[in-house]
Amino acid sequence: MNLLENINSPADLKKLSVENLSQLAQEIREFLIDSVSKTGGHIGPSLGVVELTIALHYIYDSPNDKIVWDVGHQAYAHKLLTGRKDRFSTLRQYGGISGFPHITESEHDAVTTGHASTSISTALGLAKSRDLQKKKNDVIAVIGDGSLTGGLAFEGLNNLGHSKTKMCVILNDNEMAIANNVGALSKYLTKIITDKKYNALKTGAWNRLGSFSGGFGKKIQNTMHHLSKSVKQVFIPGGLFEDLGLRYIGPIDGHNFAELLSVLKYARDQNNVPLLIHVLTQKGKGYAHAEADKEKFHGLGAFDKNTGEIYSSGKNSYSEIFGKEMTRLAQNDAKIVAITAAMPDGTGLSGFAEKFPERFFDVGIAEGHAVSFAAGLALNGIKPVVAMYSTFLQRAFDQIIHDVALDNLHVVFAIDRAGIVGADGPTHHGAFDLSFLRTVPNAIILTPANAADLRFMLKYALDDLNCPVFIRYPRGIAPQNDEEKVKFEEITEIKSGKNVCVLAVGHFLQSAKETVELLETKGIFPCLISVKQIKPLTKELYSAIFKKFEYIVLCEENTIIGGFCSAVIEMSQELMEEKKLAKMPKFIRVAYPDCFINHGHVGELAKDINMSPKQVADKIISAIKG
């Protein structure tokens, strides 16, 4: 009998006996492996929390009780148990369900999420709003040990402990984030797990206290909670969390239903007490390939479920080219160091880390710290390169301005995953970086259109510049171009033309070439220019373009507000005011609309926002012919 096929809500789950839950967990794992092998996704994190997810929905009453998943990439079993099983084949596909929780997708998704370390703060807001409205529901935040390295998580813990609000934080500790956890917090959690005094006590009297009749055991546990700090630290680990004002429980086996259900019932029945439950899980559990290679199976494309082989590779991607060039340049310059925030593989820096371990710094999920750390290195003559996804760079904007740009420090930022990233959707699209980085004084923003551009720009930024430099490039394959550059060019004419000039920023040049070819079939022969630098813009270069062409097409993979389109139009206005331009050209803007872009294949999403080559060509033709 298949249990999963009859479960469409947590209410259906509650009809099962406790003895059936292990079978259900096995069925969920088999379902996830089969389905995600076809769609791609975050299979490792989700396999690791199957029992925990079942236990949460078995004990708590979602959606009345609120379960907040940090990041949300581990919520696949949650989706299956809350009515999305029949749509799961559309996971991360255009028009399908999201790879993360989303409030518009299900009433069981308490918040929309996709970034790390936010769950505790958001959940505390939900708990406090409950208290203000005198409601009685529970609020649970599920956060991984990797996400706990983020400063926001500790801000939330500190506020939660001070508030004395009833809320439960579940620390899902699998000793493995996207990359191996680093730093003091990871060592602290390991110390808790391996504490011999605690484990001896846990396997004996402590586990049996709660089962004593008449509530006697719970009274003893409460007495232990109020012991003096010196005594408590001997018997109960988790002193850090206790000192922050949370009652610590654990560590417990996250794959043992008896332990999970018992502890969650205890947590549910406490009144006005913030709790932290430390749960130990195995990332990728139940799938040998994911257990053996946790980094690879954290998140990936479609794969062969029998062999674990990924169908598509990232060979010659911008990330790979960046990593190789960093390693090459570092061989001749001992001052070059690399910094990433838990993304050594994703940013292409794994090879650099192996070659120069003492010059590679993975600071964990702590983007703000990464930038301030880089500032300190630069102040002392080192050349730091901060490699980060565009969407995560948003989290370090203040540090960019205050710690780097204010002192005009020579920090190079390699901004990966700029533009639409595809299946991960709106929380991961790099749609805003040009807009917010353009506001940063002293900064230079570079946008490579191919592999040769990226290699040249990285060397140029490290050797010839002495200020904050941002090099932004997309996910995916970089067009190969072996031309040798003697000097940096802000713009490069790719094809001459008349009446119409198409200015294509960075990698969008590839799409713009197709647009120009389509226009030529209609008797329109535009000039095509590759834009390599977004800030600063040289007025003389653009003034010449404005005077020569009647129509200027501005193309960028960034929101239409505040990016390259805005920069060029602002400049044209300045030229008019300075009387250096007699007539304003007619601008045609091609950029992301002012909205959050959904998930799906990059090509499908481009059509959805009217940015496919044909749609852009049609827009230009319509503007010209009126």
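Taken over segment 420-442, the residue count meeting the criterion of being touching a strand residue (DSSP E or B) at 6+ places or on another chain (Cβ under 6 Å) and outside any helix (DSSP H, G or I) is 4. The residue that is nearest to D61 (Cα to Cα), counting only those in segment 109-136 that are in a loop (DSSP other than H, G, I, E, B) and open to solvent by less than 20 Å² (accessible area, probe 1.4 Å), is D109.
Number of residues in segment 252-269 that are over 21 Å from E19 (Cα atoms) and open to solvent by 30 Å² or more (accessible area, probe 1.4 Å): the value is 2. Check Y473, Y460 and return the single one that is modelled with pLDDT of 95 or more and open to solvent by less than 20 Å² (accessible area, probe 1.4 Å). When all the criteria are applied, what remains is Y473.
Among residues of segment 319-363 being charged (D, E, K, R) and assigned to a loop (DSSP other than H, G, I, E, B), the one that is nearest to T391 (Cα to Cα) is D345. Taking the stated definitions as given, is G314 at pLDDT below 95 and either closer than 19 Å to R472 by Cβ or part of a strand (DSSP E or B) (or both)? Criteria met by G314. Within segment 534-550, residues that are at negative phi have Cβ atoms under 7 Å from residues that are open to solvent by 70 Å² or more (accessible area, probe 1.4 Å) in these pairs: S543/K580; E550/K586, counting only partners at least 6 apart in sequence or on another chain. Taking segment 46-67 as the range and being open to solvent by less than 10 Å² (accessible area, probe 1.4 Å) and either in contact (Cβ under 8 Å) with a residue 60 or more places away in the chain or not polar (S, T, N, Q) (or both) as the test, the residues that pass are L47, G48, V49, V50, L52, I54, A55, L56, H57, Y60, I67. Take D70 and decide whether it is among the charged types (D, E, K, R), at pLDDT 95 or above and within 22 Å of the chain's Cα centre (by Cα). Yes. Quick check on segment 252-271. Is at least one of its residues at negative phi and either in a strand (DSSP E or B) or within 23 Å of the chain's Cα centre (by Cα) (or both)? Yes. Summed over segment 476-494, the residues that are surrounded by fewer than 16 Cβ atoms within 10 Å (Cβ to Cβ) and either β-branched (V, I, T) or part of a strand (DSSP E or B) (or both) give a count of 3.
Could you tell me whether segment 509-522 includes any residue that is open to solvent by less than 80 Å² (accessible area, probe 1.4 Å), more than 15 Å from R589 (Cβ to Cβ) and in a loop (DSSP other than H, G, I, E, B)? The answer is no; no qualifying residue exists.
Look at Y58 and say whether it is part of a helix (DSSP H, G or I), aromatic (F, W, Y) and more than 14 Å from K285 (Cα to Cα). Yes; evaluated as a whole, the condition is true for this residue.
The values are calculated or read from the model by the stated rules, or taken from the named source; none is laboratory data. Bear in mind the structure is a predicted one, so any value in this text is a computation, not a measurement. Cβ: placed from backbone, ideal geometry, glycine included. Neighbour counts: every protein chain shown. Surface areas here come from the heavy atoms of the whole protein model, side chains and all, with no ligands, DNA or RNA. Shrake-Rupley method; radii C 1.70, N 1.55, O 1.52, S 1.80 Å.
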